[in-house]
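**Q** Take this structure first; my questions come after.
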Amino acid sequence: MRHWACATLFIVLFFSSPAWAQDAAVPESIKPGINEAFLDLELDVEAWVNRFEVESREVFHAKAEIVQRLKLSPGDRIADIGTGTGLFVEPFSQAVGEQGWVYALDIAPKFVERVEKLAEIRSLNNVTPVLCSKDDIRLAPGSINAAFICDVYHHFEYPQQSLASIHKALAPGGKLVVIDFNRVPGESREWTLNHVRAGKEVFRAEIEKAGFRLVGEVEVPSFKENYFLQFERK
């Protein structure tokens, strides 16, 4: 149980550190309120499990394809940024093996609690849940060689600051994978147009500006609404 004690201490130290106090100094949110529901301390986690982990959700249906195309190797250290209900935590844990590590990050305390319980129940001893902030993933410099952002980038309220923290946490040459919704006026459904702030090209430009190089767009045959972009840290 020492592993879980360390995870809890990790979270407590961040909340008591000056880094948390700096949140008040960040620029104005690019989309205020988009994460408000997740920060509710009474968040109904099971309701979100029923919403996120269903066949009708494209990334849930394509989970095996996504993991396969990530091409994780034993020993990799990956950050699942915006892990939510922990959909990818177990397959990532299996892919990186005993010598690898999975950091399951979220801004929602209730989601972090769920992933901690999930990892303990399923004996995923290479998983550390991390409560991050709206503008900082809060991982040590060079601590990961892969970062995964699935249906979450459009929830970044402070993309410049969040991307800077990801760039810092990634080792040089590390990969960043971003999966998000195609937002095309006249083609995308109304929910996407209202909820997702920008299209693929805008997101790509933001990420490249933050010090990443586009490796390419990865084809996922079952995708109809989503895209899969892979970047490399310069």
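No value in this document is a laboratory result; all are computed from the given coordinates. Predicted, not measured: the structure shown is a model, and the values here were computed from it. Glycine gets a Cβ as well: all are built from the backbone with ideal geometry, and neighbour counts include every protein chain shown.
**Q** With respect to the cross-link table entries LYS117/LYS224; LYS110/LYS200; LYS31/LYS209; LYS63/LYS175; LYS134/LYS209, which display a Cα-Cα separation exceeding 27 Å?
**A** Going by Cα-Cα distance, LYS117/LYS224; LYS110/LYS200 fall outside the 27 Å limit.
**Q** If you don't mind, there's one more thing I want to ask. In deg cm²/dmol and to the nearest 500, what is the mean residue ellipticity at 222 nm of the chain if only DSSP H runs of at least 4 residues count, each as -39500 (n - 2.57), divided by the residue total?
**A** After summing the helix terms and dividing by the residues of the chain, the value is -10000 deg cm²/dmol.
**Q** Tell me, what ³J(HN,Hα) does each residue in region 190-205 have, in order and in whole Hz, if you take phi through Karplus 6.51 cos²θ - 1.76 cosθ + 1.60 with θ = phi - 60° and put x for Gly and Pro?
**A** Going residue by residue, I get 4, 4, 5, 4, 7, 8, 8, 6, 7, x, 4, 5, 5, 4, 4, 4 Hz, with x marking Gly and Pro.
**Q** Highest GNM mean-square fluctuation, the chain, Cα pairs closer than 10 Å: which of TRP191, TRP48, TRP101?
**A** Of TRP191, TRP48, TRP101, the Gaussian network model singles out TRP191 as fluctuating most.
**Q** Under the rule a/c < 1.5 gives rounded, and otherwise a/b versus b/c splits prolate from oblate, where does region 35-143 land using the Cα gyration tensor?
**A** Oblate, since a/c reaches 1.5 and b/c is not below a/b.
**Q** Out of the DSSP beta bridges found with both residues in region 37-174, what percent are antiparallel (nearest 5)?
**A** In region 37-174, DSSP labels about 5 percent of beta bridges as antiparallel.
**Q** Next question, about the same structure. Take the chain, connect every pair of alpha-carbon atoms lying under 10 Å apart with a spring to form a Gaussian network, then pick out the residue of SER56, SER133, SER73 with the largest mean-square fluctuation.
**A** In the Gaussian network model the winner is SER56.
**Q** Among DSSP bridges having both ends in the chain, what percentage is antiparallel? Round to the nearest 5.
**A** 40
**Q** Picking from ILE207, ILE30, ILE179, which is most flexible by a Gaussian network model of the chain using Cα springs under 10 Å?
**A** In this elastic network of the chain, the residue with the biggest mean-square fluctuation among ILE207, ILE30, ILE179 is ILE30.
**Q** Test of the criteria: in region 157-211, which GluC sites (Glu not before Pro) are in a DSSP loop and have at most 12 other Cβ atoms within 10 angstrom of their Cβ?
**A** Loop-located and lightly packed - GLU187.
**Q** Among VAL45, VAL152, which comes first, then next, by fewest other beta-carbon atoms within 10 Å?
**A** Starting with the residue having the fewest Cβ neighbours, the order is VAL45, VAL152.
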